[in-house]
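Novice: One structure coming up, written as structure tokens, with questions to follow.
The values are calculated or read from the model by the stated rules, or taken from the named source; none is laboratory data. Note that the coordinates shown come from a computational prediction; the quantities given were computed from them, not determined experimentally. As a convention, Cβ positions derive from the backbone with ideal geometry for all residues, glycine included, and neighbour counts pool all protein chains shown.
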């Protein structure tokens, strides 16, 4: 499929579906609980179109016997569908800040993921023996909370009250990057495109929006609302430029691993990833697309696309579309390319972004892939009676899973 047809199909989908790419639509729109409410009379057409998919690149297809051969065919196909293959360049890495946090060091680093994108990140380094350690790429969420990105996972000395409140809602008040570094992991967290230091600022924006420390609660709400309302505009710009938002996210994450393995503190054979919500979506794809990931935690983002098509399209939004993917594979197929690496998927049964049936179907498919590959013990699907969150209880179980597969 060429870039023109991708743009045409996505533009048509925008007009027909009226999709809103703001997390939280599910809770804000009372019609979202009604079957077929999101696309109404258009659903039969979408269902029929999706139903013609053969998922020819699923490992559960009879033609695949060897998992490594399957991945060698499937990974390039998924990467091609992203419509984004920027040139590699020099990282031009610099350490802008180094802070002693007691039992670990926090570095503020900048590096290029492409010649056009310079990415801010925090790197957390355990103190102790000078030896290469296991590392975790921690991937922050969407949350309709755009003013901060990497700071959702990494604690700072003067945390904004609105950021602290956000962490209480979604992370039991924890900055889980700190929990990981205290377990002995090197941890890296970047700002995702459009979040944090990479947020979109316009010439007429209030001065407070440029200095997050001075933002009032009202400023944060207003900025997040404006940012959410403009995601379809930015996605359209990316499509017209010949790229996809998902491609920018995934390539940034893969290049983050590229940078991570240049650090002498990191054992390149023991790298994991972890994320909640869109961070989970990113973790599923990073684990599936990058063979260097040996263990992954996907929280609050695992479902079949079939179940989302009827009544959960607002959970996808344009920033998460991989055009044409469903004709080849489903989301659990992509995550399953992590095999034989350890993979844990966690879901709250009161998470309104997905149907529980869709989540269970995804868990079953991943389990079937791992069983066919001969390593059923390396996948675990976990459910909690809870909402869309990465609670303290979930974190403890998830990090023990990382320990299991990343500890020598």
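Novice: Does residue 331 count as over 16 Å from residue 60 (Cβ atoms), in contact (Cβ under 8 Å) with a residue 40 or more places away in the chain and either in contact with a strand residue (DSSP E or B) (Cβ under 7 Å, 6 or more places away or on another chain) or crowded, with 19+ Cβ neighbours inside 10 Å (or both)?
Specialist: In short, no.
Novice: Suppose we filter the range 40-68 for residues that are under 20 Å from residue 375 (Cβ atoms), surrounded by 12 or more Cβ atoms within 10 Å (Cβ to Cβ) and free of Cβ contacts under 8 Å to residues at least 24 places away in the same chain; how many remain?
Specialist: So the answer is 2.
Novice: If you check 394, 337, which single one turns out to be under 18 Å from residue 283 (Cα atoms), out of contact with any helix residue (DSSP H, G or I) (no Cβ under 9 Å at 6 or more places or on another chain), surrounded by 23 or more Cβ atoms within 10 Å (Cβ to Cβ) and modelled with pLDDT of 95 or more?
Specialist: Unique residue meeting the criteria: 394.
Novice: Would you confirm whether any residue within the range 269-277 is in a strand (DSSP E or B) and without any contact (Cβ under 8 Å) to a residue 40 or more places away in the chain?
Specialist: Yes: the range 269-277 contains one or more residues that are in a strand (DSSP E or B) and without any contact (Cβ under 8 Å) to a residue 40 or more places away in the chain.
Novice: Given the criteria assigned to a helix (DSSP H, G or I) and either farther than 18 Å from residue 192 by Cβ or in contact (Cβ under 8 Å) with a residue 60 or more places away in the chain (or both), does residue 294 qualify?
Specialist: Considered against the rule, which asks whether it is assigned to a helix (DSSP H, G or I) and either farther than 18 Å from residue 192 by Cβ or in contact (Cβ under 8 Å) with a residue 60 or more places away in the chain (or both), residue 294 comes out as no.
Novice: Next up: Just give me the residues in the range 128-143 being in a loop (DSSP other than H, G, I, E, B) and crowded, with 19+ Cβ neighbours inside 10 Å, in sequence order.
Specialist: Of everything in the range 128-143, those that are in a loop (DSSP other than H, G, I, E, B) and crowded, with 19+ Cβ neighbours inside 10 Å turn out to be 140, 141, 142, 143.
Novice: To continue, here is another question. Provide a single number: the residues in the range 81-127 that are assigned to a loop (DSSP other than H, G, I, E, B), more than 22 Å from residue 195 (Cβ to Cβ) and touching a strand residue (DSSP E or B) at 6+ places or on another chain (Cβ under 9 Å).
Specialist: So the answer is 7.
Novice: Please state which of the following conditions residue 110 fails to meet, knowing it meets all the rest: (1) over 30 Å from residue 355 (Cβ atoms); (2) modelled with pLDDT under 95; (3) surrounded by 11 or more Cβ atoms within 10 Å (Cβ to Cβ).
Specialist: With (1) over 30 Å from residue 355 (Cβ atoms); (2) modelled with pLDDT under 95; (3) surrounded by 11 or more Cβ atoms within 10 Å (Cβ to Cβ) applied to residue 110, the lone miss is (2).
Novice: While we're on this one: For the range 71-84, which residues satisfy the criterion of being touching a residue at least 40 places away in the same chain (Cβ under 8 Å) and out of contact with any helix residue (DSSP H, G or I) (no Cβ under 7 Å at 6 or more places or on another chain)?
Specialist: First, pick out the residues of the range 71-84 that are touching a residue at least 40 places away in the same chain (Cβ under 8 Å): 71, 74-75, 77-79, 81-84.
The answer is 71, 74, 77.
Novice: Quick one: how many residues across the range 38-71 are on the phi > 0 side of the Ramachandran plot and more than 25 Å from the chain's Cα centre (by Cα)? Steps first, please.
Specialist: Going through the range 38-71, the residues on the phi > 0 side of the Ramachandran plot turn out to be 40, 55.
Still in the running and more than 25 Å from the chain's Cα centre (by Cα): 40.
Adding up the residues that qualify gives 1.
Novice: Sticking with this one: Can you tell me which residue among 318, 399 is buried (at least 17 other Cβ atoms within 10 Å of the Cβ), out of contact with any strand residue (DSSP E or B) (no Cβ under 6 Å at 6 or more places or on another chain), on the phi < 0 side of the Ramachandran plot and modelled with pLDDT under 95?
Specialist: 318
Novice: Considering each residue of the range 242-266, count those that are over 17 Å from residue 293 (Cβ atoms), touching a strand residue (DSSP E or B) at 6+ places or on another chain (Cβ under 9 Å) and assigned to a helix (DSSP H, G or I), and give that number.
Specialist: 1
Novice: So, one more: Among the candidates 335, 295, 284, single out the residue that is farther than 24 Å from residue 46 by Cβ and within 17 Å of the chain's Cα centre (by Cα).
Specialist: The match here is 295.
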